[in-house]
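Asks: One structure follows; several queries about it will come next.
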Amino acid sequence: MQLTGKTKGVCIVLALLTIVGIGCWVFQLMGGLGITGMSNVNSWGLYICMFMLFVGLSAGGLIVASSAHVFGIESFKTIAKPAVILSTVCICVAAAFILVDLGGVQRIWRLFTGPNFTSPLMWDVCIILIYLIINILDLVWMGKGADDKVRKLSYVALPVAILVHSVTAWIFGLQIARAWYTAIMAPIFVASALDSGLALLLLALMLLDKMGLVKLEDGLVASLAKLLATFIAVDAFFILCEVLTMAYPGAGEAAALSQMFSGATAPFFWFEVVGGLLVPFVILAVAKNREKRGMVALASVLVVLGVAAKRAWLLLTSFIMPNVAGGPGITTGTLSAQTGNATSMWATVGTYAPTIPEVFIAIGVISLGALAFVLLCVKLMGGDSRAAVDEAVQPA
Amino acid sequence: MTKMALVINQERCIGCQACALSCKMSNNVPDGMMWNRVISVDTNHIDGARGTYPNVTREYLPIACQHCEDPACMKVCPTGATYKDASGRVLIDYDKCIGCRMCMAACPYNARVFNWNEPVRQVGFNYGDKDVPVRPRGVMEKCTLCHERCDRGEEPMCVVNCPMRARVYGDLDDPNSEASKAARAADAYVLLPEMGTKPQVHYVK
């Protein structure tokens, strides 16, 4: 295994961030989830946003890799391995975000001794485990060069990948008590997974190309970028369908919509619409831009950030207005309420802002994922590539 | 079948919060949260008024777990920690709760409260009914219809302490119970029937 000096530096920074994150997590385990910005009114926050984001981000890899076989796209085969590594790492990051969000993580074995199969969260546990196993099998068989097994697995992997995003969407979309309750939730999650996942894959491939681990053809970048533009358009269309359906009757969900348009979650909504959908689509719609890696990278970054913003508005808008509203409201149960701050004990609307330890835990989890991705790529593909050996400054 | 429930007469409610506080006391509910609240509907304040002067009204709504027949919280609980007991009450097995908060997102009534922190009590000791279990950090809790009291043949503390006798406790499946009669009245209703959870707690306006 060889790491260049620069890669080593990045790895050290990522490792440090991971350690800080673990430290904050220990702090959270000691004090409870009260160190986060969540409350009885807004009961899910940054962790669940990141969980949704990373489930989606893991899509790009496996879908591109399995499409290579299912739809016989030869050019995708060259990048299948890094794609599946990315997919594996992202789904592990997503699972880690669920773990840090649990208030009673020490009782998690209860999921396996007394599963309740009417719970969408239980469905998600099952499908994510299956998805993870498929990813790992894919990697192992690719490493052994068992092409026929990889091809057969692809036919299972593709529908499972679609299902992972749908089931994650149903955790939210089946809750009639919230504005999440819409049949289009699963299609939106699949579309967001496709565009953000592909965007992250493009970024990762460009990085690996720079590190000399992958030889990325310009033609492949252009064709993936074209696919990305299509996915962005589909995502935008689904969001338009949902927003129009919320707005038109003027009742019920119109209150949630006004929060998205001009209320607390408006910055996230409009950033996604303009920065995450419109701008990257316009960039990628121009054939010349798809030839330039800088432009493709810019569009990809915007798409990932846009989908991250979508997770925020999608999740948090539903927590703002309680169904049964009235003063003094709902008891928040926060640390500040507990320590005698009477004004923070009650809330008539949901508010949320992540706290510093919460943000560090999230950064830590993501850093660990990034570190795992770099190291896995170097380990699993270092031998494949001459360039890696040529560029290595010193052996690790 | 037994379907224990409360029927709350809003016409009789004077918003004194006695039910909310006796619940908190009897069930050892930690600081910063309550299982039972009395809200003034469509206002932002305790004892708030709805409308613009001089056309104002006030509607007190005591609200806690609605002990639904088809509880959304129970359906989404991944470990089966939330369950319905033989008397039709929605209860939580604290040992099974992993603190995922699916139930909190699913409950249309914001009836649940979570132990975000190590629970503390201003007085520095546990209070209330001796049979009520102490809940650890990281688990969900909510109104239990005082099942420890009721299983001994007593009534929920909120019912006992209501000075206006606005709350009636009883079995909806027993056609002759006071609660069942009150719930059948023409002016009886349930909160948010459109959510499909079929609340057993009824209100009379």
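The values are calculated or read from the model by the stated rules, or taken from the named source; none is laboratory data. Values in this document were obtained by computation on a predicted structure and should not be read as measured data. Cβ: placed from backbone, ideal geometry, glycine included. Neighbour counts: every protein chain shown. Ligands, DNA and RNA are stripped out before the accessible areas are found, and what is left, the full protein with its side chains, is counted by its heavy atoms. Shrake-Rupley method; radii C 1.70, N 1.55, O 1.52, S 1.80 Å.
Asks: Could you grab me the full set of residues in the stretch A:333-369 that are in contact (Cβ under 8 Å) with a residue 60 or more places away in the chain, at the interface with another protein chain (Cβ under 7 Å from one of its Cβ atoms) and assigned to a loop (DSSP other than H, G, I, E, B)?
Replies: Once the filter is applied, which keeps residues that are in contact (Cβ under 8 Å) with a residue 60 or more places away in the chain, at the interface with another protein chain (Cβ under 7 Å from one of its Cβ atoms) and assigned to a loop (DSSP other than H, G, I, E, B), the stretch A:333-369 yields A:Gly333, A:Thr334.
Asks: Related question: Against the condition at pLDDT below 95, of a type in the set (Val, Ile, Thr) and farther than 30 Å from B:Tyr203 by Cα, how does A:Thr339 come out, does it pass?
Replies: Criteria met by A:Thr339.
Asks: Still on this structure, I have one more. Being within 26 Å of A:Thr168 (Cα to Cα) and either surrounded by fewer than 21 Cβ atoms within 10 Å (Cβ to Cβ) or free of Cβ contacts under 8 Å to residues at least 40 places away in the same chain (or both) narrows it down to one of B:Ala105, B:Ala81, B:Ala86, so name that one.
Replies: B:Ala105
Asks: Same structure, new question: Is it the case that some residue within the stretch A:1-9 is under 22 Å from the mean Cα position of the chain (by Cα) and open to solvent by less than 30 Å² (accessible area, probe 1.4 Å)? Steps first, please.
Replies: Start the filter on the stretch A:1-9 by keeping residues that are under 22 Å from the mean Cα position of the chain (by Cα), which leaves none.
Among the residues of the stretch A:1-9, not one is under 22 Å from the mean Cα position of the chain (by Cα) and open to solvent by less than 30 Å² (accessible area, probe 1.4 Å), which makes the answer no.
Asks: Could I ask something else about it? If I go through the stretch B:39-76 residue by residue, how many of them are within 20 Å of B:Leu145 (Cβ to Cβ), at the interface with chain A (Cβ under 9 Å from one of its Cβ atoms) and of a type in the set (A, V, I, L, M, F, W, C)? Let's see the steps before the verdict.
Replies: Of the stretch B:39-76, the ones within 20 Å of B:Leu145 (Cβ to Cβ) are B:39, B:61-75.
Remaining after also requiring at the interface with chain A (Cβ under 9 Å from one of its Cβ atoms): B:39, B:61, B:63, B:72, B:74-75.
Restricting the remaining residues to those that are of a type in the set (A, V, I, L, M, F, W, C) gives B:39, B:61, B:63, B:72, B:74.
Looking only at that region, the number is 5.
Asks: Exactly one of (1) under 20 Å from B:Cys107 (Cα atoms); (2) modelled with pLDDT of 95 or more; (3) at the interface with another protein chain (Cβ under 10 Å from one of its Cβ atoms) is unmet by A:Thr168. Its number?
Replies: So A:Thr168 meets the others, but not (3).
Asks: Would you tally the residues in the stretch A:155-189 being open to solvent by less than 30 Å² (accessible area, probe 1.4 Å) and assigned to a helix (DSSP H, G or I)?
Replies: Counting residues in the stretch A:155-189 that are open to solvent by less than 30 Å² (accessible area, probe 1.4 Å) and assigned to a helix (DSSP H, G or I) gives 17.
Asks: If you don't mind, another one. If the requirement is being in a helix (DSSP H, G or I), among the small types (Gly, Ala, Ser) and closer than 29 Å to A:Tyr181 by Cα, which of these qualifies: A:Ala251, A:Ala299, A:Ala236? Let's see the steps before the verdict.
Replies: Working: A:Ala251 fails: in a helix (DSSP H, G or I); A:Ala299 fails: closer than 29 Å to A:Tyr181 by Cα.
A:Ala236 is the lone residue from the list that is in a helix (DSSP H, G or I), among the small types (Gly, Ala, Ser) and closer than 29 Å to A:Tyr181 by Cα.
Asks: Okay, next question. What's the total number of residues in the stretch B:97-154 that are more than 22 Å from B:His202 (Cα to Cα) and hydrophobic (A, V, I, L, M, F, W, C)?
Replies: The qualifying residues number 14.
Rundown of residues vs (1) open to solvent by less than 20 Å² (accessible area, probe 1.4 Å); (2) closer than 30 Å to A:Gly37 by Cβ; (3) touching a Pro at 6+ places or on another chain (Cβ under 8 Å); (4) in a loop (DSSP other than H, G, I, E, B), yes/no style:
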site: B:Glu118; (1), (2), (3), (4): no, yes, no, yes
site: B:Thr144; (1), (2), (3), (4): yes, yes, no, yes
site: B:Gly153; (1), (2), (3), (4): no, no, no, yes
site: B:Cys158; (1), (2), (3), (4): yes, no, yes, no
site: B:Pro163; (1), (2), (3), (4): no, no, no, yes
site: B:Gly170; (1), (2), (3), (4): yes, no, no, no
site: B:Thr197; (1), (2), (3), (4): yes, yes, yes, yes
site: B:Gln200; (1), (2), (3), (4): yes, no, no, yes
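Asks: Please specify each residue of the stretch B:120-142 satisfying the condition of being polar (S, T, N, Q) and not in a loop (DSSP other than H, G, I, E, B). Let's see the steps before the verdict.
Replies: The initial filter retains those residues of the stretch B:120-142 that are polar (S, T, N, Q), namely B:122, B:126.
Answer for the stretch B:120-142, where residues must be polar (S, T, N, Q) and not in a loop (DSSP other than H, G, I, E, B): there is none.
Asks: Another question, if that's okay. In the set B:Met25, B:Met4, which member is more than 26 Å from A:Ile171 (Cβ to Cβ), surrounded by fewer than 16 Cβ atoms within 10 Å (Cβ to Cβ) and modelled with pLDDT of 95 or more? Spell out the reasoning first.
Replies: Values: B:Met4 fails: surrounded by fewer than 16 Cβ atoms within 10 Å (Cβ to Cβ).
Every option except B:Met25 fails the conditions.
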